[in-house]
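Have a look at the structure below, then the notes.
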Amino acid sequence: MPADASASPADPRVTSSDPKIVEMFDWSKRKANSWVQLPGTQGPLNVDENNTAGSGTGTYAASYWAGYANRSGYYSRDMAHQLAGAGVLGLHAENKAMLRSFAASATPAHKYYPAWALNFDAKTYLSIDYRSPTNFVREVPATFELVQKSEEAYRWSGDRSYLDDPALWDFYRRATDEFVTLHDGLKDNGAVKVAEGTGKGIFQGTASYNEQSSEPLAEAGDAIGSQYQAYLAMASLARSKGDCALADRYEAKARDLKAYFNSTWSGTGSGAAMVRGYTTDGRALTGWGKENSWFMPMKQIIEPGPRREAYLDYIDQQASGAGRPSNIEALTYLPDTFFRNNRNDTAWKWMKDVYDHKDVQHVNAKQGTNGDYPEVSFTLLGQTVEGLMGVVPDAPARTLSTRSRLPSGMDWLRIEDLRIGDSAFSLRHDGAAKSSLTHGSGSSPYTWEARFPGAYATVTVDGVARPARTKVVDGVTYTYASTVVAPGRTVTVQAG
């Protein structure tokens with residue numbers, strides 16, 4: 001039941017040597033736009049498949065569908081995963097309103113869990129998932145993902161509200177402090193705190209996004225990985241706010257958690273033998289855990305090296321075979337998992353898999369087709385820009401970095417009207433070693449860091465050779481060049 005929404009603020013356009021990505025992006029843009037709510041609209045509240053008329057009406061806030069299309073609201077898990085795609089469309093007001101509504105719901109009465117879903121008025125909890133302050137759907141990874149995604153929304157938009165709004169700031173602090181302490185009592189992790197679920201199901205607080213599992217999980221790979229990224233996000237936000245001591249403290253917490261994960265929590269096994277969770281009675285779980293498996297490399301808590309590579313092989317093998325999730329929204333995470341670990345061909349394979357199943361009936365018959373699950377269109381947009389094009393925006397610092405992740409057989413890819421802060425860019429990658437950036441409009445120059453995987457002897461910027469510089473990021477060596485790109489200017493960087 002999507003609204004007839006007006007066009008989003010940005011109109012990104014993709015061209016490529018590969019018509020598949022153009023078709024995919026065009027469909028995703030149209031479809032994602034159809035899920036956007038017009039603020040000020042009067043609409044029903046608490047609509048779901050069992051209550052099709054809802055209960056009363058409300059004034060809708062800036063928001064978009066994130067969750068089942070037959071419900072009148074948005075979900076924390078879905079919204080977190082859709083945020084990058086929404087950023088590509090310039091839906092910054094929607095991202096902020098939705099993030100703030102979740103932040104405001106993480107009250108002491110909820111033990112600092114945010115509500116699982118809110119109506120489009122951005123203040124009323126969706127009744128199908130909320131019964132009382134002690135009986136509502138809550139999953140540990142979502143609390144941490146909302147912190148991570150708030151930091152990412154700040155980098156896309158440049159909006160200082162992410163630092164200055166007391167409701168948001170209070171949420172970040174409590175989610176990465178009191179929330180962890182309150183929900184860490186079942187397993188002894190020594191000096192490190194790990195947030196836990198109850199092992200009693202989604203209405204009592206579960207450790208994992210894998211709702212299809214009956215395992216009584218206390219700790220899960222998707223929760224600990226998301227906690228790690230929340231610590232990094234908190235450090236980044238604190239540094240942007242000027243609190244270097246707080247930033248240092250959270251960077252140390254992230255380092256300690258990652259070291260503990262790799263030395264102890266995840267065991268010593270590789271592939272199927274890697275630990276991806278613990279039950280409430282202390283048993284270590286290995287094998288295939290769907291979300292609690294693929295979130296570990298996606299959140300980059302596994303150290304780079306042979307063990308991580310073996311686990312990525314295992315994830316692809318399982319998801320491609322008998323372990324394939326039946327719900328399309330679970331599969332939408334796989335491109336992110338493989339792009340973040342530089343498995344470009346595998347990531348592209350999964351993007352195509354998701355897109356090619358868009359017209360198939362969703363496993364929940366009342367939902368409609370897979371393509372009518374909003375996460376599908378939004379994530380394909382985000383995966384095109386952050387994945388294939390390797391864009392990392394930083395609007396507050398007026399910088400961006402890029403790296404080509406074009407798969408085999410895709411010779412070039414270009415996007416126009418890519419909005420970062422108040423600037424609009426065009427970016428083109430030719431293969432893995434040539435990139436061009438046009439700063440179409442904006443109020444100030446941006447510093448562009450063009451990265452290329454591998455160690456090259458030289459880099460040319462607009463045909464002028466420069467000494468090559470290299471850096472190692474998450475175990476990968478990049479050759480890079482930094483250059484200032486003023487509004488109205490185009491710069492081309494080539495390695496080798």
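The table below lists the values:
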quantity: Most to least packed among 76-86, 347-357 [average Cβ atoms within 10 Å]; calculated: 76-86, 347-357
quantity: Rg over Rh [alpha-carbon atoms, Kirkwood Rh] for the chain; calculated: 0.95
quantity: The stretch 423-486: projected area of the alpha-carbon convex hull, averaged over directions, in nm²; calculated: 4.7 nm²
quantity: Protection-proxy order for peptides 177-187, 374-384, each taking the mean of Cβ atoms within 10 Å per residue, highest first; calculated: 374-384, 177-187
quantity: Sparse-neighbour loop sites [trypsin sites (Lys or Arg not before Pro); the stretch 197-269; at most 15 other C-beta within 10 Å; DSSP]; calculated: Lys200
quantity: Most positive-pole-ward Cα, Trp169, Thr124, Gly158, against dipole of the chain from beta carbon charges; calculated: Gly158
quantity: Under Karplus coefficients 6.51, -1.76 and 1.60, residue-wise ³J(HN,Hα) of the stretch 92-99 in Hz, glycine/proline x; calculated: 6, 5, 5, 4, 5, 4, 6, 4
quantity: Ordering of 148-156, 293-301, 124-132 by packing [mean C-beta count within 10 Å, highest first]; calculated: 293-301, 148-156, 124-132
quantity: Amide H contacts under 5 Å for His183, placed H, 5+ residues apart; calculated: Glu196
quantity: Dimensionless Rg ratio for the stretch 117-226, taking C-alpha atoms and the 2.2 N^0.38 Å reference; calculated: 1.15
quantity: Proximal aspartates and glutamates relative to Lys258, as straight alpha-carbon distance under 18 Å, when same-chain residues fewer than 8 apart are discounted; calculated: Glu145, Asp177, Asp184, Asp188, Glu196, Glu219, Asp222, Asp248, Glu303, Glu309, Asp474
quantity: Which of Thr460, Ala424, Ser435, positive extreme of dipole for the stretch 409-473 (C-beta unit charges); calculated: Thr460
quantity: Backbone N within the stretch 327-362 under 14 Å of label point (7 Å from Arg30 Cα along the Cβ vector); calculated: 359
quantity: Value of relative contact order over the chain, rounded to a whole percent, pairs C-alpha under 8 Å and six or more apart; calculated: 14 percent
quantity: Karplus (6.51, -1.76, 1.60) ³J(HN,Hα), θ = phi - 60°, over the stretch 259-268, in Hz, Gly and Pro reported as x; calculated: 5, 5, 4, 6, 8, 9, 4, 7, x, 10
quantity: Cα-centre dipole for the stretch 412-480 with unit charges at Cβ (Lys and Arg positive, Asp and Glu negative), debye to 20; calculated: 220 debye
quantity: Straight-distance crosslink candidates among aspartates and glutamates, where the alpha carbon sits under 12 Å from Lys366 and sequence neighbours closer than 8 are dropped; calculated: Asp48, Glu49
quantity: Residue among Ser293, Tyr355, Cys244 farthest towards the positive dipole end of the stretch 237-355, charges placed on Cβ; calculated: Cys244
quantity: Entries of Lys31/Lys290; Lys31/Lys358; Lys193/Lys471; Lys241/Lys471; Lys149/Lys200; Lys434/Lys471 with Cα pairs more than 20 Å apart; calculated: Lys31/Lys290; Lys193/Lys471; Lys241/Lys471; Lys149/Lys200
quantity: FRET E, pair Lys187, Cys244, Förster distance 35 Å, beta-carbon r, rounded to 0.05; calculated: 0.60
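Values quoted throughout were computed directly from the atomic coordinates according to the rules given, and no laboratory measurement underlies them. None of these values were measured; they are calculated from a predicted model. Because the Cβ atoms are built from the backbone with ideal geometry, glycine has one as well, and the counts that use them run over all protein chains shown.
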